[in-house]
Amino acid sequence: MQKKMNAEINPFVLFAAFIGSAIIALPIRVYQLLAIVEPGTGFWETENFSVYALYIVAAVSVLFCVIVSFLCREKLSRVSAPGGVKPVVGLVSFIAVAALIVNAVTRYADFSDLYFAYTGFGGLSMREYLTKTGALSMAFEAFFAVISSIYFILYGITAFNGKSAAEYKLLAVSPVMWSIFRIIHRFMREISFLNVSELFFELCMIVFLMTFFMVFAQVTSKVNGKGLEWKLYAYGLPAAMFCLICFVPRLIVTLLGKAELLTDNSPIEYCDLVMAAFIISSLVSRTRLSVAPAKEIPETEGEEESSVVSD
């Protein structure tokens with residue numbers, strides 16, 4: 001029964017669900033920023049049907065991706081032949097480098113502002129001050145953004161030349177560390193994330209990014225990654241959806257000339273859009289290989305080729 005269900009489900013239904021949820025969620029979020037979110041603070045001014053509708057769409061999308069990815073885990077775990085060239089993934093990887101550098105510069109500037117604002121107020125030591133204000137986590141976020149940019153350069157090169165990225169085991173963890181420090185300084189804010197929707201969606205986005213990149217590091221580096229490919233979809237597609245929810249509505253509101261309506265400390269971050277693009281391009285390239293008819297492999301070469309996993 002399980003195998004029959006696995007054979008009948010087309011993994012591309014995951015992308016259809018992702019597109020459908022984005023089409024519904026993004027207009028709702030734009031409306032909320034324009035009408036029912038308090039400018040600056042980000043608190044709800046009122047909670048109407050759109051609030052529950054957006055949460056329901058997000059929750060259903062996440063559950064759908066997790067369940068269907070698990071049911072399709074055999075298809076999504078198929079190996080691909082060596083020499084898989086992925087030019088789109090390579091191009092997006094190089095764009096991610098630029099976005100990460102921008103993120104690093106921005107976060108370092110934020111750290112510098114807080115660092116030079118220290119006056120010993122409240123009897124706090126410099127270390128206590130930097131920790132409590134989140135400045136220290138911002139500095140580490142900037143650092144790992146730079147390290148992550150190096151990883152994306154190398155990964156982009158492997159995507160163009162078709163070689164394996166397994167040798168970059170340590171660097172593969174850098175996007176995970178970047179995500180960890182992104183979320184730490186948000187937790188340092190003395191505000192209820194349940195009542196500030198922008199912060200809530202940012203936390204959801206970073207959690208899924210963190211789990212996606214953890215699995216991505218295991219699979220691409222071939223470190224206990226066998227059979228985990230389905231988790232790339234289970235975590236990656238929700239991460240991409242939350243990235244779009246955090247980026248697109250803010251951009252639209254800004255283009256409408258109403259940037260003053262945006263929440264403080266939640267500006268437009270281009271790395272969110274680029275991470276969504278990287279996830280989708282990577283998963284689409286893997287899905288095309290996973291649903292393709294399996295090629296007959298000679299017995300003498302079967303063992304060697306079966307060890308090569310699509311990056």
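Of note:
- When the residues of region 147-172 are filtered to those that are open to solvent by 60 Å² or more (accessible area, probe 1.4 Å) and part of a helix (DSSP H, G or I), the one that is modelled with the lowest pLDDT is ASN161.
- Among the helices (runs of 4 or more DSSP H) confined to region 31-146, the ones with at least 3 residues that are open to solvent by less than 70 Å² (accessible area, probe 1.4 Å), more than 30 Å from ALA16 (Cβ to Cβ) and at pLDDT below 90 are located at 126-133.
- One residue alone among GLU229, GLU202 is crowded, with 20+ Cβ neighbours inside 10 Å, within 27 Å of ALA142 (Cβ to Cβ) and either charged (D, E, K, R) or without any contact (Cβ under 8 Å) to a residue 12 or more places away in the chain (or both), and that residue is GLU202.
- Residue count for region 178-199 under the criterion of being in a helix (DSSP H, G or I) and either open to solvent by 10 Å² or more (accessible area, probe 1.4 Å) or not hydrophobic (A, V, I, L, M, F, W, C) (or both): the result is 11.
- Residue pairs meeting the criteria (Cβ under 7 Å; at least 6 apart or on separate chains; first within 17 Å of PHE140 (Cα to Cα), in region 159-176; second crowded, with 17+ Cβ neighbours inside 10 Å and hydroxyl-bearing (Ser, Thr, Tyr)): LEU171/TYR151; ALA172/TYR151; ALA172/THR220; ALA172/SER221; SER174/SER148; SER174/TYR151; PRO175/SER148; PRO175/TYR151
- Filter result for LYS4 (at pLDDT below 85, over 30 Å from THR131 (Cβ atoms) and open to solvent by 70 Å² or more (accessible area, probe 1.4 Å)): yes
One line per residue, one yes/no per condition, for (1) within 26 Å of LEU255 (Cβ to Cβ); (2) touching a residue at least 40 places away in the same chain (Cβ under 8 Å):
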| site | (1), (2) |
| --- | --- |
| VAL30 | yes, yes |
| VAL37 | yes, yes |
| SER50 | yes, no |
| LEU76 | no, yes |
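- Residue list for region 205-225, restricted to those being without any contact (Cβ under 8 Å) to a residue 24 or more places away in the chain and farther than 15 Å from MET177 by Cα: ASN224
- Scope region 258-287; condition within 17 Å of GLY40 (Cβ to Cβ) and open to solvent by 20 Å² or more (accessible area, probe 1.4 Å); matching residues: LYS258, ALA259, GLU260, LEU261, LEU262, ASP264, ASN265, PRO267, ILE268
- Listed by first and then second residue, the pairs linking a residue in region 94-116 that is more than 17 Å from PRO267 (Cβ to Cβ) to a residue that is open to solvent by 50 Å² or more (accessible area, probe 1.4 Å), with Cβ atoms under 6 Å apart and 6 or more places separating them unless they lie on different chains, are VAL97/ILE153.
The values are calculated or read from the model by the stated rules, or taken from the named source; none is laboratory data. Values in this document were obtained by computation on a predicted structure and should not be read as measured data. As a convention, Cβ positions derive from the backbone with ideal geometry for all residues, glycine included, and neighbour counts pool all protein chains shown. When the accessible area is computed, the model is the full protein with side chains, heavy atoms only, and any ligands, DNA or RNA have been set aside. Shrake-Rupley method; radii C 1.70, N 1.55, O 1.52, S 1.80 Å.
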